1. Is the shape of the range 367-424 best called rounded, prolate or oblate, per the rule: a/c under 1.5 gives rounded, else a/b larger than b/c gives prolate, else oblate, with a ≥ b ≥ c the square roots of the Cα gyration tensor eigenvalues?
2. Mind jotting down a quarter of the surface of the convex hull over the alpha carbons of the range 1-143, in square nanometres, one decimal?
3. If packing is taken as the mean number of other Cβ atoms within 10 Å per residue, what is the order of 567-573, 336-342, 66-72, highest first?
4. Step through the residues of the range 47-61 one at a time and calculate ³J(HN,Hα) from phi using the Karplus curve (6.51 cos²θ - 1.76 cosθ + 1.60, θ = phi - 60°), rounding each to whole Hz and writing x for Gly and Pro.
5. Going by the alpha-carbon gyration tensor, a ≥ b ≥ c the square roots of its eigenvalues, is the range 400-509 rounded (a/c under 1.5) or, if a/c is not under 1.5, prolate (a/b greater than b/c) versus oblate?
6. Residues with beta-carbon under 15 Å from that of residue 574, excluding residue 574: net charge, scoring Lys, Arg +1 and Asp, Glu -1?
7. Using the Cα gyration tensor of the range 50-100, with a ≥ b ≥ c the square roots of its eigenvalues, what is the shape: rounded (a/c below 1.5), prolate (a/b larger than b/c) or oblate (neither)?
8. Skipping prolines and chain starts, which residues have an amide H placed within reach, meaning under 5 Å, of the one on residue 59, given they are 5 or more residues away or on another chain?
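The values are calculated or read from the model by the stated rules, or taken from the named source; none is laboratory data. Keep in mind it's a predicted model, so treat the numbers as computed, not measured. Here the Cβ positions follow ideal geometry from the backbone for every residue, glycine too, while neighbour counts run over all protein chains shown. Surface areas here come from the heavy atoms of the whole protein model, side chains and all, with no ligands, DNA or RNA. Shrake-Rupley method; radii C 1.70, N 1.55, O 1.52, S 1.80 Å.
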Amino acid sequence: MTAELVRGQNHPLSQARLEIRISAGTPIVAAAALGDENGRIHGVDWVAHPGAPTQPGLEVSRQAAADHRLAVDLDAVTDAVHRVSVLLALPAPGGGPGPVRFGSVAAPFVAVTGLDGSEVATYTITGLEAESAVVALELYRRQGAWKVRAVGQGYAGGLAELLTDQGLPEAVLLAGSIHEAVAKGLARSVQAPPPRQADGDRSRQAAAPAFGPDQGGTAPQGSPGPAQPPYGGQQTGGPGQDGPRPVHGGTGAVDPSAATGGGPVNYSHPRRQTSAPPPPPPAAPPAQPGRPAQPVAGDATGWSMEERLYNQVWGMFEDLARTTAAYRSAVDFAESRLDKELEQALSDPRSRIGGQGDAAREAARARQAQLVGQAREALDRDLAQLVAEAEVVEPALPPAFARWDNPAWHAYRVPMEIPMALRLGDLRLPEAERIRIPMLLRLPLERGLWIDSGRTESFDGTFTDAHDMRRLAMETAVAHAARLLAVYPAGEFTVHVIDPAGSGAQALAPLTQTGVLAAPPAQGAAGVTDVLGRLTQRVDLVQMALRGGAPDALPPGLDTSQQLLIVNDFPHGFDDRAVNQLRYLADEGPSVGVHLMMVADRQESAGYGPLLDPLWRSLLRLTAVPDDHLADPWVGHAWTYEPPVVPPGSQVLHQVLTQVAAASRAWNR
């Protein structure tokens, strides 16, 4: 399954020989740089560029082009190399007509593929404005294994500034030689395909859209459209697989008249439907002089309101992360400056005592307070704008993105299409207590979830009894499962529960009483064995069918919907065989539609030793109480996660699940 990355996200690489495929709407320069553990480039011979297209383990294009294919052999790089950065730049303005900033061209699209063309990870570089050079992504070595990370760091100063930031001493000279080599080869530059007609195939947008039959790509399961195989590996598109991607080399369809010597080449995708361009996003009302513009829900880029809101929420996350990072950096600078000035004042014996020394120390503290006050003023200004944006965005969110107290749930109807993401809770930072950023996870799920029931002290210092913590963890799992059931079309999502001791019966009541479960919760060792055996067999059958190229050859009656297994009180009721089956489902299940949700305390399974460490690492850890355990790799913040909470006394969960159960019964008739 292709991993569609967002900025800062990483993904493991299972092969050493790769291709980096780059697509843009205009000729760009592609290069690749080798870096050490700190990302530092040690010399010009560590950079593969059009003037020197080959380096150990790297080969890049010799000219500017709208599409590139870079060859990477990670086994061929030296042991001193720990990073391989993919660099993109616009040709220098003196090299001929063309754009001078990425903000005026289509967002570049980068894909990491195997030698057979199968995509491992993709990344659409969004958010660029005045930048003329960008670090697209990096392949990096961590504990002997290689991973890919989406970077998207742009530089308004072009290649010279980018290479300088990478620690290359000869950055300016190398940037000049790269542009010189590109200028000499402009006659050979590969231009973008001719513009399509107004009613032709749509161009790629800033982020992966939610698909529909009228929006290109293959319609998701459960949506109206032609019949299709049930798994993404056999589809031409789907959620998480960027449908409106640019046309890569070799994928264009040729007009039959052209094959006989007449007529133009048709560059449209042979399997993609066409549609009219999307309506423009809502425009913000004009701002009063000297005041910021009023925020508008859905003013981000996208082909649907859902996609625009998704991108807007992601933009709010980035804005909060950036402004908080700037504030913390300013405070750290003020503290370090205060320490330095106090050290200087104390280093002079004449100023250690008396009025002169006191005055110097007071002046230093006053300057520190002034700097901190200015930083806080800028932070408060940015936070006020984010609060205003959150106030208009939150009420406009669809049910899949909305909190349980959002009125959108009171108008809930079972959907016909799968949404592009799901809300798992909220994120906040200590400097911005008023703002909650929705934590959205792309669908379909690519990893399992772990609701940690072992933490007894919450983030705010309050103590929670172990019994209450298990109850809260199970209630959180039920809320997540209910939301997953609610956002999938009827018959497209099935939930199984393993509750060996029956301790989760009270928390599971919303699922059992409404009848949305595939079967009553499995209890005892026999129940554990039965459920794990059936799901393991399903994974084996689907994998064999896909690997054999015959997805339609599955046994009659096999449930091809997405499956979710909720496991409570692990490892109670699990023997060694059941533990191995559970690990197998966690590793192999997501790729064929079987997902795992663990409600467990890791310490209770400590008797298995390191055997289960890969299991815990493969799951996304969530908590039943607020906890600051989520760290983003972008700026390094520790975000406080807040689980979804159903309002006390509210019947929204029961009402939603009742509709889901009724739709499921109607579907199965």
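1. prolate
2. It is 8.6 nm².
3. 567-573, 66-72, 336-342
4. Here the 3J(HN,Hα) series is 10, 9, 8, x, x, 9, x, 10, 9, x, x, 9, 8, 10, 5 Hz.
5. Cα axes put the range 400-509 in the oblate bin.
6. The answer is -4.
7. prolate
8. Amide H neighbours of residue 59, under 5 Å, 5+ apart: 71.
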